[in-house]
Amino acid sequence: METKILKVDSPSSPLLEDAAAVIRSGGLVVFPTETVYGLGADALSSQAAKKIYAAKGRPSDNPLIIHISSPDEAEAYTYTSDTYYKIAKLFMPGPITVVMTAKDTVPLETRGGLPTVAVRCPENPIANKLIALSGRPIAAPSANLSGSPSPTNVKHVIDDMMGRVDMIIDGGSSDFGLESTIVKIENDGSLVLLRPGKITREDLLAASFDVKLASAVTEGLREGETAISPGMKYKHYAPRATFVLLDGEKEKIFDFLGDKTGQNTAFFVYDEDETYFSRLLGVTLYRLGPRLDEESQAKRLFALLREADECGHSVIYAPLPRTEGIGLALYNRMIRAAAHTIIKL
Ligand code: AMP
Ligand code: MG
């Protein structure tokens, strides 16, 4: 299929009308959001949803998030509640997705056969305008091939999606760089945090929500356990290289890496430690960001995994992040990318 690439700098660009027409006719449009790039199609069309799964190579039981342009549009697709509107008032539009019981208006293909549906109202003005112009919700997973790191700029999208989609909107680099926070609203109004993101567990607790962390956020699924969020059970975000997390002080990490030189090894280093580790000749360093600036690390992580892969490293090591604040989102993506390989030093 021929893929058109449109450079869009502002939500008032007339090119967004062309993109909305592609969505209305059942086609696939990749668009920027504040989290990562999304692979969008008409959420109310089962045929369009099937095209998304095919383009990504995604298993069809891994449901899609439906994107709306204003929080009250959720009424048409889900059974909302006071808890939903409290979340909406505080955090929407923004990088949070809410899972609620679905109405029959949402095809089973879009929700991966589940009785629930995930809804998000993006803040990125290009995304928001595209949804409004389309006149329907847009189902959109991350615009990467299933299993690989999510795309945070248009080069990543082109690498994965050229020839697989009708249109790609180039809207620059993603602001945050990791996917949205996902919460499920339980019948009693409490929340289960299914995927951590920019809106943190601490943000939700500070707003007095009753929040439980799904165990699969920090651990693998246990033998025989059913995933509450189907995406939890699949390999995710993984580079082609072996990715390994190191849990220990920088001196211990230095000694450990000292044995790995000359083995085509990469290390994701905190910016302030670069000079310290540069004595390790034979290990390629990639700057992850300042140690305490997890927003910078979030913005760089997926791009670095792709870059290190392009350089053909056989093993990539990275420090294990903490699990507080935005650190939890990094931790969750990194343990999956590493298939839970953590070396305690
Ligand atoms: P992605 O589209 O790549 O950002 O992934 C979407 C994530 O949302 C996947 O991990 C899905 O499992 C999760 N998700 C979507 N819909 C639901 C739902 N109805 N219930 C639970 N998780 C969901
Ligand atoms: Mg994804």
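How many residues does the stretch 153-172 hold that are free of Cβ contacts under 8 Å to residues at least 60 places away in the same chain and surrounded by fewer than 23 Cβ atoms within 10 Å (Cβ to Cβ)?
Filtering the stretch 153-172 down to residues free of Cβ contacts under 8 Å to residues at least 60 places away in the same chain leaves 155, 160.
Checking which are surrounded by fewer than 23 Cβ atoms within 10 Å (Cβ to Cβ) leaves us with 155.
Final tally of qualifying residues: 1.
Assuming residue 91 fulfils every condition listed in (1) farther than 25 Å from residue 51 by Cα; (2) in contact with a strand residue (DSSP E or B) (Cβ under 8 Å, 6 or more places away or on another chain); (3) among the hydrophobic types (A, V, I, L, M, F, W, C) apart from one, which condition is it?
(2)
Looking only at residues in the stretch 188-197 that are more than 16 Å from ligand 2 (Cβ to nearest atom) and touching a strand residue (DSSP E or B) at 6+ places or on another chain (Cβ under 9 Å), which one is farthest from residue 326 (Cα to Cα)? Step through it out loud before you land on a result.
First, the residues of the stretch 188-197 that are more than 16 Å from ligand 2 (Cβ to nearest atom): 188-193.
Now narrow it down to the ones that are touching a strand residue (DSSP E or B) at 6+ places or on another chain (Cβ under 9 Å): 190-193.
Details: 190: 21, 191: 18, 192: 17, 193: 13 Å.
So the residue we want is 190.
Please report, ordered by residue number, the helices (runs of 4 or more DSSP H) entirely within the stretch 54-164 with at least 3 residues that are away from ligand 2 (no atom under 16 Å from the Cβ) and in contact with an Asp or Glu (Cβ under 9 Å, 6 or more places away or on another chain). Break it down stepwise before answering.
Details: elements: 82-91, 125-134, 154-161.
In the stretch 54-164, the matching helices (runs of 4 or more DSSP H) lie at 82-91, 125-134.
Hey, among 174, 229, which residue is at pLDDT below 95 and under 30 Å from residue 51 (Cα atoms)? Before the answer, list the steps.
Working: 174 fails: at pLDDT below 95.
From the options 174, 229, the qualifying one is 229.
From (1) modelled with pLDDT of 90 or more; (2) within 16 Å of ligand 1 (Cβ to nearest atom); (3) farther than 26 Å from residue 101 by Cα, pick out the condition that doesn't hold for residue 235.
(1)
What's the total number of residues in the stretch 193-221 that are over 23 Å from residue 34 (Cα atoms) and in a strand (DSSP E or B)?
3
Check off (1) away from ligand 2 (no atom under 16 Å from the Cβ); (2) surrounded by fewer than 22 Cβ atoms within 10 Å (Cβ to Cβ); (3) under 16 Å from residue 143 (Cβ atoms) for residue 34 and give me the number that stays unchecked.
Unmet for residue 34, out of (1) away from ligand 2 (no atom under 16 Å from the Cβ); (2) surrounded by fewer than 22 Cβ atoms within 10 Å (Cβ to Cβ); (3) under 16 Å from residue 143 (Cβ atoms): (1).
Does the stretch 20-28 contain at least one residue that is within 16 Å of ligand 2 (Cβ to nearest atom), in contact with a helix residue (DSSP H, G or I) (Cβ under 7 Å, 6 or more places away or on another chain), under 14 Å from residue 132 (Cα atoms) and at pLDDT 95 or above?
Initial filter on the stretch 20-28 (within 16 Å of ligand 2 (Cβ to nearest atom)): 28.
Now restrict to residues that are in contact with a helix residue (DSSP H, G or I) (Cβ under 7 Å, 6 or more places away or on another chain): 28.
Adding the requirement that they be under 14 Å from residue 132 (Cα atoms) leaves none.
Within the stretch 20-28, none of the residues are within 16 Å of ligand 2 (Cβ to nearest atom), in contact with a helix residue (DSSP H, G or I) (Cβ under 7 Å, 6 or more places away or on another chain), under 14 Å from residue 132 (Cα atoms) and at pLDDT 95 or above.
For the stretch 77-93, check the following and say yes or no: at least one residue is among the basic types (Lys, Arg) and closer than 18 Å to residue 140 by Cβ.
The initial filter retains those residues of the stretch 77-93 that are among the basic types (Lys, Arg), namely 86, 89.
So of that shortlist, the ones also closer than 18 Å to residue 140 by Cβ come out as none.
No, because not a single residue in the stretch 77-93 is among the basic types (Lys, Arg) and closer than 18 Å to residue 140 by Cβ.
Among the residues of the stretch 53-72, count how many are closer than 17 Å to residue 117 by Cβ and surrounded by fewer than 24 Cβ atoms within 10 Å (Cβ to Cβ). Working first, answer last.
Of the stretch 53-72, the ones closer than 17 Å to residue 117 by Cβ are 53, 58, 60-72.
Okay, now just the ones that are also surrounded by fewer than 24 Cβ atoms within 10 Å (Cβ to Cβ), so 53, 58, 60-62, 69-72.
So the answer is 9.
Report, by residue number, each residue of the stretch 173-187 that is touching a residue at least 12 places away in the same chain (Cβ under 8 Å) and among the charged types (D, E, K, R). Break it down stepwise before answering.
Taking the stretch 173-187 first, the residues touching a residue at least 12 places away in the same chain (Cβ under 8 Å) are 173-185.
The answer is 175, 179, 184.
Do any residues in the stretch 299-327 that are farther than 16 Å from residue 342 by Cβ have Cβ atoms under 7 Å from those of residues that are among the small types (Gly, Ala, Ser) and at pLDDT below 95, where the two are at least six apart or on different chains, and which pairs are they?
305/337; 308/241; 309/241; 313/241; 314/241
Considering each of 267, 302, 243 in turn, give the residue that is within 16 Å of ligand 1 (Cβ to nearest atom) and either in a helix (DSSP H, G or I) or more than 28 Å from residue 118 (Cα to Cα) (or both). Write out each step before concluding.
Details: 267 fails: within 16 Å of ligand 1 (Cβ to nearest atom); 243 fails: within 16 Å of ligand 1 (Cβ to nearest atom).
Exactly one residue qualifies, and that residue is 302.
I'd like the full set of residues that are within 16 Å of ligand 1 (Cβ to nearest atom) and more than 14 Å from the chain's Cα centre (by Cα), limited to the stretch 193-212.
Result: 193, 211, 212.
Collect the residues in the stretch 30-53 that are part of a strand (DSSP E or B) and over 17 Å from the mean Cα position of the chain (by Cα), keeping them in residue-number order.
Passing the criteria: 41, 42.
Being away from ligand 1 (no atom under 13 Å from the Cβ), at pLDDT below 95 and farther than 25 Å from residue 300 by Cα is true for just one of 215, 190. Which residue is that?
Working: 190 fails: at pLDDT below 95.
One residue alone meets the criteria, 215.
The values are calculated or read from the model by the stated rules, or taken from the named source; none is laboratory data. Note that this is a predicted model, so its numbers are computed, not measured. Note: ideal-geometry Cβ built from the backbone for every residue, glycine included; neighbour counts use all protein chains shown.
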